[in-house]
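Attaching a single structure in structure tokens format; questions to follow.
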Amino acid sequence: MTGEVVIFWVTAIFSVIGAVGLVISRKAVHSALWVAFTMINLAVLYFSLGGAFLGTTQIVVYTGAVMMLFLFVLMIVGVDSSDSLIETIKGQRLVGTILAFAFGALLTSAITTTGFSAAAGVAVANDANGGNIEGLAQLIFGRYLLAFEVTSALLITAALGAMVLAHNERWTPRKTQAQLQRERTLAGHPTPLPSPGVLALHNSVDTPALLPDGSPSQESLPRIFKSVEQSDDSTNNEVTS
Amino acid sequence: MNPNNYLVLAGILFTIGAFGVLVRRNAIIVFMSVEMMLNAANLAFVAASHITGTLDGQVAAFFVMVVAAAEVVVGLAIIVVIFRTRRSASIDEASLLKY
Amino acid sequence: MISALIGLPLFGAALLLLGGRRTNAWGHYFAVAMSSSAFVVGVTQFIALLGKPAEERHIHQHLFDWISVGSFNVPFGLHLDQLSVVFVLLITGVGSLIHVYSIGYMAHDENRRRFFGYLNLFVAAMLLLVLADNYLLLYVGWEGVGLASYLLISFYQHKPSAAVAGKKAFVVNRVGDVGLSVAIMLMFVTFKDVTFSGVSEHAQHASGQSLTLIGLALLLAACGKSAQFPLQSWLLDAMEGPTPVSALIHAATMVTAGVYLIVRAHAIFDLSETARTAVVVIGAITLLLGAFIGTAKDDIKKGLAGSTMSQIGYMILAAGLGPVGYVFAIFHLLTHGMFKAGLFLGAGSVMHGMEDDVNMRNYGALRGAMKITYITFGLGFLAIIGIPPFAGFWSKDEIIHAAFSQNLVVGLATLLGAGVTAFYMTRMMAMTFFGESRWKKGVHPHESPLVMTAPMIILAIGSVFGGLALKFLGDIELWLEPVVGVAAPKDPASNAVLIPVTLTVVLLGAGYGWLKYAKTPVPSVAPENVSLLTRAARADAYGDALNEAVFMRPGQYLTRALVWFDSRAVDGLVGGVGATVGGLSARLRRTQNGLVRSYALTMVGGAVLIALVLLLVRL
């Protein structure tokens, strides 16, 4: 039982648990947390396999940046959005399960029958350039320079694409203060609207404020959460109709 | 330790990710399942690097991360746009492009 | 200089047909000028030939290499020799006269310019036909005259009968043209050459069978173009065209192209007894058939058309007799060209004066009203029935004589033909110019203008002196000898017997016609209860009925069967395949349900399959 073996089995079990959690969680937020958990475990594995740079990147980029992005989007589309786990496509779940198992079984049997009996380890390769990062740098800015440059173009394009996709064109001229004032007066509610979460059980923006008589005030919610009802157990709430 | 174990782990993670893509309807969860599959592939790359004793596998995993980042950015933007127009993050809803 | 012969009328045709309405005012004069200048060129060439010794009387002009593929070489060359030059003179001479005549005849036709354009086109094509130095180039001219003939027959396109007649002529001519193309292909296969000189040279070494085949194919071509049995049916309908066209194309020149072809290909016919016999038989049948049809026609132009068939039958028969007949075939062709053109122009003049009525039963006693027409027509009449010393006598008598010298039956056929010719021509003459007037009300016959009568007078002079001139002054036998070979010396004694016999037969026929149509009044409506033979003759000897029964009906049934097969079997198969594919795709496209997860499922399925295959292959 060397350290490597211990680390492998611990992280392997954890990461599989995380992956399974991702699939079976009803709430997207939970799924995201399970993914982050799996990724950290994978980062540990990378460290143990001599990929210090990759492990760090895994934590910083994946667990940090990418998962943060996921959470941002989750916040936008509704943090409580979750699937009902009832399958709508006929036979999808059954066939999907069979195929997934078959695939996994084939993959595993292929790997075990093909077989690598021993590993060389990257320690020598790391030391040749004075460390893992130097070794990687040597390759990235050497042999894989062209691919590296191309990925930069890809990233730029992706950033532009995301901007174009998410951009909202303004079709009407911006309202003037006078207009806003008039609208607000005519709407019959000249004072500011109540803030969400006031006196409610949660203080998040998607929880309507409670009026003095204890009833929730829909007016307190931002427009995007208008359809969400307040209740103690919000797991049944769906943004989608 | 037999290095095949790393590969088998990668295979299992990949399979679970694929299964998630098949059965989940929430677009974000599907997306995360795809990320899971990419991570499984990364693990296989790093394990291959470990087996062969070269760093090329790690470089490949690095590139996969870069591409995954780009993919996430665009994919999430698409999800946001779909959500904005359809008020739904279910991938079964966006099924107009059909027979 | 020879190319100018073709070029001048071709230029005229191009200018008139492409120039459009701008040339309306002067187009017809221009066409006459082009045609006449071609005649002048022809005369100069003729004089140039006269100036040479007999063996060197030919001019060859190689314009360019037309087709040059491997061993197949066809020059675009023109060849003027003794045979071509008489044709050139006939075509341009008679053609120019008819151009002039048409100025008057077509004066009131709004499409006059188009008419003259076509006439010039015809003259150009016909000249190309007779000037070509190889069979393929001849074929171009052959098709060119066919086209011009088609355009001119259906010139009055607003009349359905004219349009149909044009189509009929075109279709029937195609049958003959197949014969010509087959003949050219056979020539190429047999001789590796299609020039006249090359074919004549190599014919000596070819097998008799292939020569016979070529000869029969050429005969088929001649039958189509010259309206010989069994392809005679188009000529009678072709009379739907304007009368000058009937005179030029369907009497004097184009229809004689078959005779020209056979005489030009004499090298082949000389060597094939079978082909020659076939030619003689066809000629004899047509000669009697045409005359037979001519006896019953009330339409003056159709009567003349039957006569044309009959006279060309004489020429074909003469050409089939071999070396003794070639010269006389051409001789008769030339005299016939003159007197038949004159007769047609006379008929046109009569029609012109009778408000375009063609029914002879509405004529009668026109000799007072149309003196010039009467005299010129009468001279042509004397020429065609063969009264000495008019043109027809010299040529026809020679043919009868040659026929008797070869075969008694053929000789008797020609003799009988001469008698029938005399009968129907007398009938025509009597019904038109003698007897009582049967004019319809409001018709005032009058003589035609000078521009029409002048060509008639010139042609009448030709009908009178043409035979004499060609026989004694020009000695056509000697003139053509270098081209068609030496005519076998005939027995002068038999001619001394034959001439009186022939004249007796002719006078008998003419006398019977005179008795029947001049001495007894002619009913102005054709009698109904007539003998079977008359009925047959009125119906063009059932040529159309035969064509319909033998070719059209079976063809119709064949097409119907094919259409049925096409719509049921072929379309059923094709449509069935289409419907099957369509049905399958309609089901298959249901898999495109728009659900991303279904697609993902398919992809995973594919991945499983590939992994499975890889694994199985490895293990």
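So for the stretch C:268-276 (the condition being under 28 Å from C:S96 (Cβ atoms), β-branched (V, I, T) and open to solvent by less than 10 Å² (accessible area, probe 1.4 Å)), does at least one residue qualify?
No, the stretch C:268-276 has no match at all.
Exactly one condition in (1) over 22 Å from A:V16 (Cα atoms); (2) in contact with a Phe, Trp or Tyr (Cβ under 6 Å, 6 or more places away or on another chain) is false for B:D56; which is it?
It fails just one condition, (2).
When you go through B:A10, B:A18 one by one, which is the residue that is more than 7 Å from every other protein chain (Cβ to nearest Cβ), crowded, with 20+ Cβ neighbours inside 10 Å and more than 16 Å from A:L71 (Cα to Cα)?
Of B:A10, B:A18, the one residue that is more than 7 Å from every other protein chain (Cβ to nearest Cβ), crowded, with 20+ Cβ neighbours inside 10 Å and more than 16 Å from A:L71 (Cα to Cα) is B:A10.
Cβ-Cβ distance below 7 Å, separation of 6 or more or different chains: which pairs start in the stretch C:102-113 with a residue that is in a helix (DSSP H, G or I) and end on one that is open to solvent by 40 Å² or more (accessible area, probe 1.4 Å)?
Note: pairs meeting the criteria are C:I103/C:V451; C:G104/C:P449; C:G104/C:V451; C:Y105/C:H352; C:R113/C:N24.
Is it the case, given these coordinates, that A:S152 is at pLDDT below 90, at negative phi and among the small types (G, A, S)?
Judged against the criteria, A:S152 is not a match.
Among the residues that make up the stretch B:66-81, is at least one of them touching a Lys or Arg at 6+ places or on another chain (Cβ under 9 Å), facing another protein chain (nearest Cβ under 7 Å) and either free of Cβ contacts under 8 Å to residues at least 24 places away in the same chain or over 30 Å from A:D127 (Cα atoms) (or both)?
There is no residue in the stretch B:66-81 that is touching a Lys or Arg at 6+ places or on another chain (Cβ under 9 Å), facing another protein chain (nearest Cβ under 7 Å) and either free of Cβ contacts under 8 Å to residues at least 24 places away in the same chain or over 30 Å from A:D127 (Cα atoms) (or both).
Taking into account only those residues within the stretch B:82-94 that are more than 8 Å from chain A (Cβ to nearest Cβ) and within 19 Å of B:L22 (Cα to Cα), which is farthest from the chain's Cα centre (by Cα)?
Per the stated criteria, the residue is B:A94.
For A:T207, which of the numbered conditions (1) open to solvent by 60 Å² or more (accessible area, probe 1.4 Å); (2) in contact (Cβ under 8 Å) with a residue 12 or more places away in the chain; (3) β-branched (V, I, T) fails to hold?
Every listed condition holds for A:T207 apart from (1).
On the basis of being touching a Leu at 6+ places or on another chain (Cβ under 6 Å), closer than 30 Å to C:V324 by Cβ and not charged (D, E, K, R), does C:I476 make the cut?
yes
I would also like to ask the following. Would you mind finding the one in C:V522, C:V604 that is within 14 Å of chain B (Cβ to nearest Cβ), of a type in the set (A, V, I, L, M) and either under 31 Å from the mean Cα position of the chain (by Cα) or surrounded by 12 or more Cβ atoms within 10 Å (Cβ to Cβ) (or both)?
Being within 14 Å of chain B (Cβ to nearest Cβ), of a type in the set (A, V, I, L, M) and either under 31 Å from the mean Cα position of the chain (by Cα) or surrounded by 12 or more Cβ atoms within 10 Å (Cβ to Cβ) (or both) holds for just one of C:V522, C:V604, which is C:V604.
Which of the residues spanning the stretch A:26-70 are among the small types (G, A, S) and touching a residue at least 12 places away in the same chain (Cβ under 8 Å)?
A:A28, A:A32, A:A36, A:A43, A:S48, A:G50, A:G51, A:A52, A:G55 - these are the residues of the stretch A:26-70 that are among the small types (G, A, S) and touching a residue at least 12 places away in the same chain (Cβ under 8 Å).
Considering only residues of the stretch C:314-361 that are among the hydrophobic types (A, V, I, L, M, F, W, C) and modelled with pLDDT under 85, which is most open to solvent (accessible area, probe 1.4 Å)?
Result: C:V358.
A further question follows. Given the conditions (1) part of a helix (DSSP H, G or I); (2) over 27 Å from the mean Cα position of the chain (by Cα); (3) at pLDDT 90 or above; (4) more than 7 Å from chain B (Cβ to nearest Cβ), report the number of the one that A:L136 does not fulfil.
(4)
A further question on this structure: In the stretch A:98-114, which residues are open to solvent by 40 Å² or more (accessible area, probe 1.4 Å) and either within 9 Å of chain B (Cβ to nearest Cβ) or modelled with pLDDT of 90 or more (or both)?
A:I98, A:F101, A:A105, A:L107, A:T108, A:T112, A:T114
Here are some residues: C:F196, C:F188. Which one is out of contact with any helix residue (DSSP H, G or I) (no Cβ under 6 Å at 6 or more places or on another chain), crowded, with 19+ Cβ neighbours inside 10 Å and not charged (D, E, K, R)?
From the options C:F196, C:F188, the qualifying one is C:F196.
Additional query: Would you say C:G70 is out of contact with any helix residue (DSSP H, G or I) (no Cβ under 7 Å at 6 or more places or on another chain), small (G, A, S) and surrounded by fewer than 16 Cβ atoms within 10 Å (Cβ to Cβ)?
So C:G70 passes the test.
Please note which helices (runs of 4 or more DSSP H) are completely contained in the stretch A:1-94 and include at least 1 residues that are closer than 29 Å to C:Y599 by Cβ and within 7 Å of chain B (Cβ to nearest Cβ).
Because the criterion is at least 1 residues that are closer than 29 Å to C:Y599 by Cβ and within 7 Å of chain B (Cβ to nearest Cβ), the helices (runs of 4 or more DSSP H) in the stretch A:1-94 that meet it are A:3-24, A:28-48, A:67-77.
The values are calculated or read from the model by the stated rules, or taken from the named source; none is laboratory data. Not measured: the values here are computed from a predicted model. With ideal geometry, Cβ positions are generated from the backbone for all residues, glycine too; neighbour counts draw on all protein chains shown. Note: areas computed on protein heavy atoms with side chains; ligands, DNA, RNA excluded. Shrake-Rupley method; radii C 1.70, N 1.55, O 1.52, S 1.80 Å.
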